[in-house]
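**Student:** Have a look at this one.
The values are calculated or read from the model by the stated rules, or taken from the named source; none is laboratory data. Because the structure is predicted, anything quoted here is derived from the model rather than measured. Heads up, the Cβs are rebuilt from the backbone with ideal geometry, glycines too, and the neighbour counts pull from every protein chain shown.
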Amino acid sequence: MKKLLALLFSLIFLSSSLVYADTSDFQIEGMSIGDSLLDYMSENEILKEIERNKGRYSYVKEPNKYAHIGLWKDFPIYDGIQFFIKNNSTNQYITDKNEKYTILYIRGLIDFTEDFDSCMQKRDEIVEVLSSMFSNVKKSEIFGEHPSDPSGDSIMDAVYFEFDSEAEIDAYCENIEETFRIKNNWGEYLNVSISTKEIASWLRGYQ
C-alpha cells in the first residue's frame, strides 16, 4: 500500500511542477528514456538478463530486434523495472558502451498476482492522474487478449497516451491464465511504461 500511495503522490507532484513536451521528461524510479543502462546495472548483469529472456517476444515479427532486461530489487515504488535496448548481437557496429546500452523503454511493475480487481482500481487512479497531466495527448483504451499467451486465455486492460512523436506512456493490468503463468514463472502486474516510437511500433508488430 505504501508503494501505491508513493506512486500516486509522485505522479501528482510531477504534474504540478512540470510542463511535459514528451516522454523524455517522465521518469520511473529516477530513470529516463535515453539513459545508459550501465548507470543502473553492470554489463555482466545486463548480459545475463538478455540471455535469460531470449525468445520471450516470439509473437512479434522481429523477435530479436531488441533485448529485454529485468531489474528486481527493493525500489521505493515498484517491485521491479524492465527495459528494452537494442539487441547488441545484431548491432555489433556500436562501440560506445553507453550508446550500446541506451534505454529505449522503461516499465515499472507492482505485483497484483491473483488480484486483478485491485490492480484495475489502482490503474484507474493512475490513469486519472496521467489524463490530467497529458490532457492534450491522444488517449486510447484497449481491452483484449494478452499477446504473450497464444491460447488467447490471458487478457490485458490498457490505457495508452500517445504523443505527437508517437512515443507512449501506458498503464495496464494483466490477468494471465493460471497454467500458462505458473509454467513461465510469471506474475500479474500493474504496469506503467514509457516507450519510444520504435519500441511501441515493434511491440505491436504481431506475426
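**Student:** If I ask for residues that are assigned to a loop (DSSP other than H, G, I, E, B) and either closer than 19 Å to GLU99 by Cβ or in contact (Cβ under 8 Å) with a residue 60 or more places away in the chain (or both), which ones from region 35-56 would you list?
**Tutor:** ASP35, TYR40, MET41, SER42, ARG56
**Student:** Let me ask something else. Wholly within region 100-207, which helices (runs of 4 or more DSSP H) include no fewer than the required count, namely at least 2 residues that are over 29 Å from SER42 (Cα atoms), without any contact (Cβ under 8 Å) to a residue 40 or more places away in the chain and of a type outside the set (Lys, Arg)?
**Tutor:** It comes to 116-133, 178-184.
**Student:** Restricting attention to region 166-207, report how many residues are surrounded by fewer than 15 Cβ atoms within 10 Å (Cβ to Cβ) and in contact with a helix residue (DSSP H, G or I) (Cβ under 6 Å, 6 or more places away or on another chain). Even if it seems obvious, please write down each step before you answer.
**Tutor:** If we filter region 166-207 for residues that are surrounded by fewer than 15 Cβ atoms within 10 Å (Cβ to Cβ), which is where we start, we get 166, 178-179, 182-185, 201, 204-207.
Filter once more, keeping what is in contact with a helix residue (DSSP H, G or I) (Cβ under 6 Å, 6 or more places away or on another chain): 166.
Residues that pass the stated criteria total 1.
**Student:** Against the definition (surrounded by 13 or more Cβ atoms within 10 Å (Cβ to Cβ), in contact with a Ser or Thr (Cβ under 7 Å, 6 or more places away or on another chain) and modelled with pLDDT of 75 or more), how does SER32 come out, yes or no?
**Tutor:** Working: surrounded by 13 or more Cβ atoms within 10 Å (Cβ to Cβ): yes; in contact with a Ser or Thr (Cβ under 7 Å, 6 or more places away or on another chain): yes; modelled with pLDDT of 75 or more: yes.
Yes, satisfied.
**Student:** Does any residue in region 82-94 that is on the phi < 0 side of the Ramachandran plot and of a type in the set (Lys, Arg) come within less than 9 Å, Cβ to Cβ, of a residue that is at pLDDT 90 or above and surrounded by 14 or more Cβ atoms within 10 Å (Cβ to Cβ) six or more places away or on a different chain, and which pairs are these?
**Tutor:** LYS86/LYS65; LYS86/TYR66; LYS86/ALA67; LYS86/TYR101; LYS86/THR102; LYS86/LEU104
**Student:** With the structure loaded, tell me whether ILE77 is surrounded by 19 or more Cβ atoms within 10 Å (Cβ to Cβ), under 17 Å from the mean Cα position of the chain (by Cα) and assigned to a strand (DSSP E or B) or whether it fails that test.
**Tutor:** Spelling it out, it is not the case that ILE77 is surrounded by 19 or more Cβ atoms within 10 Å (Cβ to Cβ), under 17 Å from the mean Cα position of the chain (by Cα) and assigned to a strand (DSSP E or B).
**Student:** Can you go through PHE112, PHE161 and tell me which one is under 23 Å from ASP79 (Cβ atoms), under 14 Å from the mean Cα position of the chain (by Cα) and surrounded by 19 or more Cβ atoms within 10 Å (Cβ to Cβ)?
**Tutor:** The unique qualifying residue is PHE161.
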